[in-house]
Amino acid sequence: MDFKTTQQPLDQIRVDCLIIGVGLADEDTPSFGPSAKATDETLGGLLTQLTERGDIQAKVGQTLMLPATSHPSAERILVVGMGEDAKRNRMVFKQAVEAAGEALRKSRAKNAHCTLAEFPITDADTHWGVRQTALTLVHTDYVYEATKKPKPDAAPATDWVSFPEETGVEAELAIAKGISQGVGLCRNLGDLPPNVCNPVHLAEVAKQMAGEHGGLAVEILEEDQMAELGMNALLAVGRGSECPSKLIHLRWRGGPEGEPPLALVGKGVTFDTGGISIKPGALMEQMKFDMCGAATALGVMKTVASLKLKINLDIVVAAVENMPDGKAYRPGDVITSMSGQTIEVHNTDAEGRMILADALTWTGEHVKPKAMVDIATLTGACVVALGHHASGIMTQDDELAEELLGAGLEAADRGWRLPLWDEYQKQLDSPFADMQNIGGMAAGTITAGCFLSRFAKDQRWAHIDIAGSAWVWGKPGSATGRPVGLLVQWAVNHAGGWSKALDQ
Ligand code: BES
Ligand code: MN
Ligand code: ZN
């Protein structure tokens, strides 16, 4: 989808669909903004009539697609409920634009002019509104096509959307384009089937990305190199698979020379059967999404390299497939991790933490980051705790927690903190090793975080559990591209904000 800007008045813009918002003066009195007023006049009071009849109620999420046979330049008008000014925060605004995007996607329109960013947002400026509108419209336009071609009569994708030309709008659209490229990569990788998107495929994607962006360096560690380094916890998980495990490392140096980078470490289990502790059959196909942490890290790097951001960033992806096999690791095994700490395996389905243990150790030693964040679809318990709206953020560093929570709010891609208190650590005690790989029924998300903390000891480190936020559960499940937005914003904030991160 392309973005454009135009100075033309609304009754002269030639488009398939003109998107107009209607707000609320109080709980149930619609109130027209400038675009609704102008369009109402153009249409001889049609919008006023529809409002009086109750067809337009202006509640958030309500949409009405009108064939605009009497409009001089638009073929359709999409009227979008924007709710009350006083209650329209970032999340509400995003919800309204999502509804608009969904209606646009279902229509025959191939292009649109969007005026929704004229509505005030309680906790953001209009530039943010433009950026979020563009991002959201790309998001709702997405349809998976890698292994299923659309029917000839399917609703068409949107070729372009234009926005009213104002100072700063072009820059916001460029940012939105960059972020949506990262989000799009993340969603595409997540949605790909596990017989296509395996560890070798993830490594190829990283190499291809490095080929496309000058200054992006790639390094792939093969199994023998990992064995040499003692990465036995990671290798144990991949041992049951026919596909070789990979450690994928991408490095971007757009920031000050010599400044230690930020590092993202992604869980890339391209399919999680559970291994010998095999999962039940129902919904197992969803475990193709168990590489969404890896896809997030790759997505953030895609955005950073596309926008040539002035930051230093490394991403490390632990890519494995967790399969049951004669060679697979088993419950009862004691494995010596790269850190030297031993792990007694109690459940081979707690594999994410095994691979991240070594990936975190490797990143700490080889990248020496100023802060390190891992992203993982780590526990079903996180979905029980937080559902699908928040990613679970865990860290012992209060400042880092605030950074990540704040970035999530700014990007309308929210996280919520869970504690990593020392009291939980003893659930991991084992008589046969330094720790066992599961902590029992209680606080499963937190004990998984506690396990990881043991491999990030002298680091500024946080863990993000995205089991609930990385994809839409059920049918048709699809990757969301979260939390690419949160992490891009976090990285940008480290550079001093968008203007500093972009400044050439
Ligand atoms: N990938 C799963 C976590 C998961 C499960 C994410 C369902 C989203 C939906 C992870 O590898 C796993 O299997 N975790 C176990 C941990 C348990 C064995 C302690 C879980 O959550 O059941
Ligand atoms: Mn598992
Ligand atoms: Zn898993």
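Computed values, structure above
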| item | result |
| --- | --- |
| Single residue of ASP333, ASP314, ASP349 found to be of a type outside the set (A, V, I, L, M, F, W, C), under 22 Å from the mean Cα position of the chain (by Cα) and in the same structural domain as ALA462 (by TED's automatic domain parsing) | ASP314 |
| Out of LYS327, LYS308, LYS279, sole residue that is closer than 30 Å to GLY214 by Cα, modelled with pLDDT of 95 or more, assigned to a loop (DSSP other than H, G, I, E, B) and not polar (S, T, N, Q) | LYS308 |
| Residue satisfying all of: in segment 362-394; among the hydroxyl-bearing types (Ser, Thr, Tyr) and away from ligand 2 (no atom under 16 Å from the Cβ); farthest from GLY266 (Cα to Cα) among these | SER391 |
| Count - residues of segment 37-54 that are more than 40 Å from the chain's Cα centre (by Cα) and of a type outside the set (A, V, I, L, M) | 7 |
| Residue within segment 244-254 that is without any contact (Cβ under 8 Å) to a residue 24 or more places away in the chain, more than 14 Å from ligand 1 (Cβ to nearest atom), surrounded by fewer than 24 Cβ atoms within 10 Å (Cβ to Cβ) and in the same structural domain as GLY190 (by TED's automatic domain parsing) present | no |
| Cross-chain or 6+ apart pairs with Cβ under 7 Å, segment 195-208 first and modelled with pLDDT of 95 or more, then polar (S, T, N, Q) | CYS197/THR270; ASN198/THR270; PRO199/SER245; PRO199/THR270; LEU202/THR270 |
| Answer residue from segment 255-276, given it is within 16 Å of ligand 2 (Cβ to nearest atom) and not in a loop (DSSP other than H, G, I, E, B) and is surrounded by the most Cβ atoms within 10 Å (Cβ to Cβ) among those | GLY268 |
| Selection from segment 95-134 of residues that are more than 22 Å from ARG76 (Cα to Cα), part of a helix (DSSP H, G or I) and not small (Gly, Ala, Ser) | THR126, HIS127, TRP128, ARG131, GLN132 |
| Residue selected from segment 159-213 under the condition farther than 24 Å from LYS288 by Cβ and among the polar types (S, T, N, Q), by the criterion surrounded by the fewest Cβ atoms within 10 Å (Cβ to Cβ) | THR167 |
| Meets criteria (within 16 Å of ligand 2 (Cβ to nearest atom), within 30 Å of GLY326 (Cβ to Cβ) and in contact with a Pro (Cβ under 8 Å, 6 or more places away or on another chain)) for GLY281 | no |
| Meets criteria (within 15 Å of VAL484 (Cβ to Cβ), touching a helix residue (DSSP H, G or I) at 6+ places or on another chain (Cβ under 9 Å) and aliphatic (A, V, I, L, M)) for VAL300 | yes |
| Some residue of segment 283-304 being in a loop (DSSP other than H, G, I, E, B), within 16 Å of ligand 3 (Cβ to nearest atom), aliphatic (A, V, I, L, M) and surrounded by fewer than 22 Cβ atoms within 10 Å (Cβ to Cβ) | yes |
| Unmet requirement for GLY168, which otherwise passes all of (1) under 22 Å from the mean Cα position of the chain (by Cα); (2) on the phi > 0 side of the Ramachandran plot | (1) |
| Residue that is nearest to ligand 3 (Cβ to nearest atom), among those in segment 333-349 that are surrounded by fewer than 20 Cβ atoms within 10 Å (Cβ to Cβ) and part of a loop (DSSP other than H, G, I, E, B) | ASN347 |
| Sole exception among (1) β-branched (Val, Ile, Thr); (2) within 27 Å of ASP434 (Cα to Cα); (3) within 14 Å of ligand 2 (Cβ to nearest atom) for VAL317, by number | (3) |
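Residues are listed down the side, and each one gets a yes or a no for (1) crowded, with 21+ Cβ neighbours inside 10 Å; (2) closer than 30 Å to THR133 by Cα; (3) of a type in the set (Val, Ile, Thr):
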{"position": "ALA412", "(1), (2), (3)": "yes, yes, no"}
{"position": "GLN425", "(1), (2), (3)": "no, no, no"}
{"position": "ASP429", "(1), (2), (3)": "no, no, no"}
{"position": "GLN436", "(1), (2), (3)": "yes, no, no"}
{"position": "ARG454", "(1), (2), (3)": "no, no, no"}
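A quick yes/no check of all residues on (1) within 29 Å of ALA217 (Cα to Cα); (2) free of Cβ contacts under 8 Å to residues at least 24 places away in the same chain:
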residue: ARG353; (1), (2): yes, no
residue: ALA359; (1), (2): yes, no
residue: GLU365; (1), (2): yes, yes
residue: ALA371; (1), (2): yes, no
residue: ASP374; (1), (2): yes, no
residue: THR377; (1), (2): yes, no
residue: CYS382; (1), (2): no, no
residue: GLY387; (1), (2): no, no
residue: ALA390; (1), (2): no, no
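Per-residue answers, yes or no, for (1) within 16 Å of ligand 3 (Cβ to nearest atom); (2) under 15 Å from LEU264 (Cβ atoms):
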residue: GLY468; (1), (2): yes, no
residue: TRP471; (1), (2): yes, no
residue: LYS475; (1), (2): no, no
residue: PRO483; (1), (2): no, yes
residue: LEU486; (1), (2): no, yes
residue: ALA491; (1), (2): no, yes
residue: ALA501; (1), (2): no, no
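The values are calculated or read from the model by the stated rules, or taken from the named source; none is laboratory data. Note that the structure is a prediction, hence the values are computed from the model and not measured. When we count neighbours, we look across all protein chains shown, and the Cβ atoms used for this are built from the backbone with ideal geometry, even at glycine.
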